[in-house]
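The values are calculated or read from the model by the stated rules, or taken from the named source; none is laboratory data. What you see is a predicted model; the values in this text were computed from it and never measured. Reconstructed Cβ throughout: ideal geometry from the backbone, glycine too, with neighbour counts over all protein chains shown. Side chains included, ligands, DNA and RNA excluded: accessible areas come from the protein's heavy atoms. Shrake-Rupley method; radii C 1.70, N 1.55, O 1.52, S 1.80 Å.
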Amino acid sequence: MTRGFWQPPLTGQVPKVELKVAVADGDLRKLGADLKSGLTRKVYFLDTVDLALQQHGLIVRIRSNKGRCADAVVKLRPVLPKALPGWLRRDDGFAVEIDALPDNYACSGTLKRRLGRHDVERTVRAGKPLARLLSNRQKRLLTAYANVPLNTLLTFGPVVVRRCRLQLAALDHPLVAEQWTFPDKTVIAELSTRCPSERAPEIADETSSALRAYGIVPDDQPQVTKTEATLRHFTPRFETP
């Protein structure tokens, strides 16, 4: 049997798994992804000049969504669900899932805050720090795991993202296609799907087979998350000569 792209773990501790694979931009066209009619958003990440948050396993992401509410996310990756503090596990805005790439996976915990439609744009136009959009709980999470002063956080972005759903005839579950375009017109593309953790091995094999039928396979190079790709892209702006 041909090996699937992903090898997600079987675990009862985490309810959902997100399977992700970086692909060529042309692969999205092969699948008929209609990105122009999908969701358009601008994505920003916050970190220090030396990426202190990333070193502590923290991700801060701010997104403005055209025609929809914006959001702010603080993510911990990797995490041990049982080791998380009670105040965080009990928060209605907190969710745990496994992020699976073709060559690795990690458990992540996400604390999300919903924002107004124009909160991000107004903050950017006013020249104010995007960290002000974080909730008190999100700030508490940052302090608990990194204790990095908010006034040291820099803005990495924006990246323009186009996103749409796909339904392949061979699959009973949808895929999400994303195209990330950086200011220099560099593009990265990704396909993903979420599923209950108990179905992850089955969904991983089915999705791998369906994509292979279109000639789509993961790159030979180790895959990185969109967060890491964005931080790598923008870091040279802040480096001292």
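Overview of results
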read-out: Translational D in µm²/s for segment 125-241 (Stokes-Einstein at 37 °C, 0.692 mPa s, Kirkwood Rh from C-alpha pairs); value: 185
read-out: In nm, spacing of pseudo-spin labels at residue 184 and residue 209 (7 Å Cα→C-beta vector); value: 4.2
read-out: Cα→Cβ-extended label distance, 7 Å offset, between residue 144 and residue 80, nm; value: 1.6
read-out: Environment charge of residue 10, counting only residues whose C-beta is closer than 12 Å and scoring Lys/Arg +1, Asp/Glu -1; value: -1
read-out: Amide hydrogen neighbours beyond the local backbone of residue 24, cut-off 5 Å, H modeled; value: none
read-out: Rg(Cα) / (2.2 N^0.38 Å) computed for segment 84-137, rounded to two decimals; value: 1.51
read-out: Residue list for segment 35-79, given a label point 7 angstrom along the Cα-to-Cβ vector of residue 155 and an amide N cut-off under 15 Å; value: 42-48, 61-65, 71-72
read-out: Set of segment 76-106 residues, backbone N closer than 14 Å to the point 7 Å along the Cα-Cβ line of residue 7; value: 101-106
read-out: Virtual spin-label span in nm between residue 199 and residue 237, 7 Å along Cα→Cβ; value: 4.0
read-out: Accessible area of the chain belonging to carbon and sulfur atoms, whole % at 1.4 Å probe; value: 49
read-out: Share of Cα-Cα pairs in the chain lying beyond 27 Å, as whole percent; value: 37
read-out: Too-long pairs where the Cα-Cα distance tops 21 Å, listed order kept, from 75/185; 16/75; 66/112; 75/226; 42/226; value: 75/185
read-out: Angstrom value of the Kirkwood radius, inverse mean 1/r, which spans all Cα pairs in segment 1-112; value: 16.5
read-out: Segment 5-44 - Debye-derived log10 I(q)/I(0), Cα point model, q = 0.22, 0.30 Å⁻¹; value: -0.91, -1.08
read-out: Long-range amide H partners of residue 48 with built H, under 5 Å; value: 53, 54, 154
read-out: For the chain: accessible area per residue (Å², 1.4 Å); value: 52
